[in-house]
Structures are given as structure tokens and as C-alpha cells.
1. Using the scaling law 2.2 N^0.38 Å as the reference, what is the normalised Cα Rg of segment 1-78?
2. Report the per residue volume, in Å³, of the convex hull enclosing the C-alpha atoms of segment 37-120.
3. Compute the whole-percent fraction of alpha carbon pairs in the chain spaced more than 23 Å apart.
4. List the lysines whose Cα sits under 17 Å from the Cα of Lys219, skipping any in the same chain fewer than 8 residues away.
5. Once you put a point 7 Å from the Cα of Met1 and another 7 Å from the Cα of Asp75, both along the Cβ direction, what distance in nm separates them?
6. Subtracting the Cα-Cα distance from 0.36 nm times the residue separation, let me have the gained length for Glu142 to Ser217 in nm, one decimal.
7. Would you compute, from DSSP H runs of 4+ residues alone, the mean residue ellipticity of the chain at 222 nm, taking -39500 (n - 2.57) per run and dividing by the full residue count, rounded to the nearest 500?
Amino acid sequence: MTIGAEDPQRDEASLHARVDAAFGAIARVQALMSFHDPASELSRLNAGAHREPIAVDCWTWKVLAEAVRLGDASDGALDVAIAPVLVRLGFLPALPGRRRASDRGSYRDIQLHADERVSFARPLQIDLGGIAKGFAVDRAAETLADAGVANAVIEAGGDLRFVGTPPRRVLLRNPRAPWLDRAEVDVAAPALATSAGYFARRRRRGRRVTPLVDPRSGKPVRAPASISVFAPTAMLADGLTKVVALAAPELTRSLLRAEAATAVVI
């Protein structure tokens, strides 16, 4: 993740302190929602939420609530319970001592209780990587804006969030030649997220597969496409890239309109 910030009213030390605080917000999201960290709050949910409700941080609750909402709105195209498939494909680690969950589980088995406790209707392995990264970018942006920083850009592996005046245009990679070709696109919202498999593809049983998996079939998407979504928040943009890739076209267009979002597919 990178943060670039500028403010003519502040000296360099003051600006650095505010950027450090923004990185602190990102680190908090990582500590709460990392699939890779056995000590994270998400790992505690994956280990025991099928046995009893577990109290979670308000940030974890917000991300889970948004994941469930977008799962419902997209007819299951976004499903954070896809982790068992990603482990099997080698995109997520099979951590020692972690209970194996059935592929039959879905986000619909996540139960959000009113007192910010979470339970699972069956053993699940959920991965919030497709939405929590955007949330982390949003929290960094919020930290900088609350501190009065005039302009900033937060970038995290395909997610962008602007504080202050955004640039007029951004460059998007051509998925067929991501190291060579770029397309200029007008900036249409405060946040942008891009999902593409060109740097994450790997071979499995003689075929190239990507970490973008259709939760309804359990199969990875192989098409060489790059999907970018402009939206009011990076978390929303992050989640909607998967919806654009996997949901039916009419549902996708309707949901984009409802969420004040715009998609660019290359």
C-alpha cells in the first residue's frame, strides 16, 4: 500500500505524522480481518463461530454486513465464504489446525446479531480479501480527511481512494499486455477498484487459473479481462468488481445504478 499526501499549510513532519496515522488504520484492518494471520479476529470466527456467537470489532461487523448485503443484492455473485475453493487452488494458505469447511457453505450462513456478535449456521471459512482491502483504503482516507489533509491518494493493489481533488484521469492496464499498454479513463468517483487476473494467474492441472472464482460453480474465471469500478467508497468498488465479473448483465446494470457506480471492462 502507498499513500501520497500534500498540504501547503503543513510542514513535512506534520504531514508525515498524519500519513503514519492513516497507515495505522490500515494495520488495524489487517490485524482484524487477515485470513493469513491465525491470531486475527477473522481467524477466530473461522475457527469457532459455528459453535457459538463471537463478539467482533465494529469494523469487522461493518465489513461483514456489507459483504452480506452485496451478496444478497448480487444474487450470490459476491460470496465471502469462497475461501475453501481458494485454499484448494493455492491462492490462500491451508493453515495448520484450521478446520476444513465444506464448499457447500455460503455467505447466507453468516448470522449477524444485533450486539455485534457473529455466528455461522455451519462451519465456514470466509475470506474478506475481496472487500476488506477497500475498507482499509477508506479508513486511511477518512483518517487523513479528519486530520484536515488537503489532498491525498491511497493505493492498494488495484484500489484507489482520493482525498480532496481527485485527478482528472487514471491509467488502466490492458489485461492482454499489462506491462505495456494502458488506457486513459476519466475519474468518475472518489474511489476506484480494479480486479484482474493477469498478475495472479497460476497453472493448475495444465491450465491457467485466477483467484476470481464463481461461488455458484466453484470454478475460477479464465477470461483475460480487467474490471474497474468507480464508486463512492473503495469498499463498495472492491466488492462490485466481482459482481460485474460474475452477475447477470441486467442485474449488474441495475445494481451499478442503485449504488451510484460506474464500471469499465477491458
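1. Details: Rg = 17.3 Å, N = 78, 2.2 N^0.38 = 11.5 Å.
Working it through for segment 1-78, the quotient is 1.50.
2. Working: hull volume 8.2 nm³, N = 84.
Roughly 97 Å³ of hull volume per residue.
3. Values: 18886 of 35245 pairs.
Tail of the P(r) past 23 Å holds 54 percent of the pairs.
4. Straight-line reach from Lys219, under 17 Å: Lys242.
5. 3.5
6. Working: separation 75, 0.36 × 75 = 27.00 nm, distance 3.71 nm.
The Glu142-Ser217 span can extend by a further 23.3 nm.
7. Values: 7 runs with 94 residues, N = 266.
That calculation yields -11500 deg cm²/dmol at 222 nm.
Here, each number is a calculation from the coordinates, and none is a lab measurement. It should be emphasised that the depicted structure is a prediction, and the values quoted were computed from it without experimental measurement. Every residue, glycine as well, gets a Cβ built from its backbone with ideal geometry; the counts of neighbours run over all protein chains shown.
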